[in-house]
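Encoded as structure tokens, the structure appears first; notes follow it.
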Amino acid sequence: MARYKPKRRIFISSLPPLVRRHARHLREHGSIENTLHHTLDVTFAEDSSRIRKGNGPEIISVFRRLALSILKADTTFKDNVRGKRLIAGWNLDNLKGILRAFQAV
């Protein structure tokens with residue numbers, strides 16, 4: 001079993017050396033990024049995507065993030081993002097309701 005080895009990161013800044021404040025900010029930013037990527041992977045199976053040629057990965061990423069924003073903003077269904085995506089996929093009227101609610105925002 002491999003032992004965990006902490007990584008050392010070095011940052012260059014002209015700000016005063018407030019180490020704890022900078023460390024907290026970096027951890028918060030990392031948690032936001034991890035949450036977004038986790039949601040995209042769980043909801044849209046982003047990590048298992050086979051789109052790899054040309055601009056395809058960037059284009060599909062924009063559509064996934066747009067869909068995620070629409071589903072998060074939706075208040076017509078009380079469900080998680082994955083559940084709302086499934087509901088929208090099962091019934092065209094549900095999809096139209098979600099899109100109408102997003103358009104009104």
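The values are calculated or read from the model by the stated rules, or taken from the named source; none is laboratory data. In this text the structure is predicted, and so the values were computed from the model without any measurement. Cβ atoms come from the backbone with ideal geometry, glycine included; neighbour counts cover every protein chain shown.
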For T35: the one exception among (1) polar (S, T, N, Q); (2) surrounded by 13 or more Cβ atoms within 10 Å (Cβ to Cβ); (3) closer than 30 Å to R9 by Cβ: (2)
Residue match in the stretch 34-46 (condition: at pLDDT 90 or above and outside any helix (DSSP H, G or I)): no
Looking only at the stretch 46-73, and only at residues there that are aliphatic (A, V, I, L, M) and farther than 21 Å from A88 by Cα, the one that is surrounded by the most Cβ atoms within 10 Å (Cβ to Cβ): I51
Test: residue in the stretch 84-92 that is modelled with pLDDT of 75 or more and not in a helix (DSSP H, G or I): yes
Tally of residues being more than 23 Å from T35 (Cα to Cα) and of a type in the set (D, E, K, R) across the stretch 47-105: 5
Test: residue in the stretch 77-87 that is aromatic (F, W, Y) and surrounded by 12 or more Cβ atoms within 10 Å (Cβ to Cβ): yes
From the options R20, R8, residue that is at pLDDT 80 or above and more than 11 Å from the chain's Cα centre (by Cα): R20
Residue ID - farthest from the chain's Cα centre (by Cα), chosen from residues in the stretch 76-87 that are more than 16 Å from R65 (Cα to Cα) and of a type in the set (A, V, I, L, M): I87
In the stretch 53-81, the residues that are outside any helix (DSSP H, G or I) and either at pLDDT below 90 or touching a strand residue (DSSP E or B) at 6+ places or on another chain (Cβ under 9 Å) (or both): D74, T75, T76, F77, K78, D79, N80
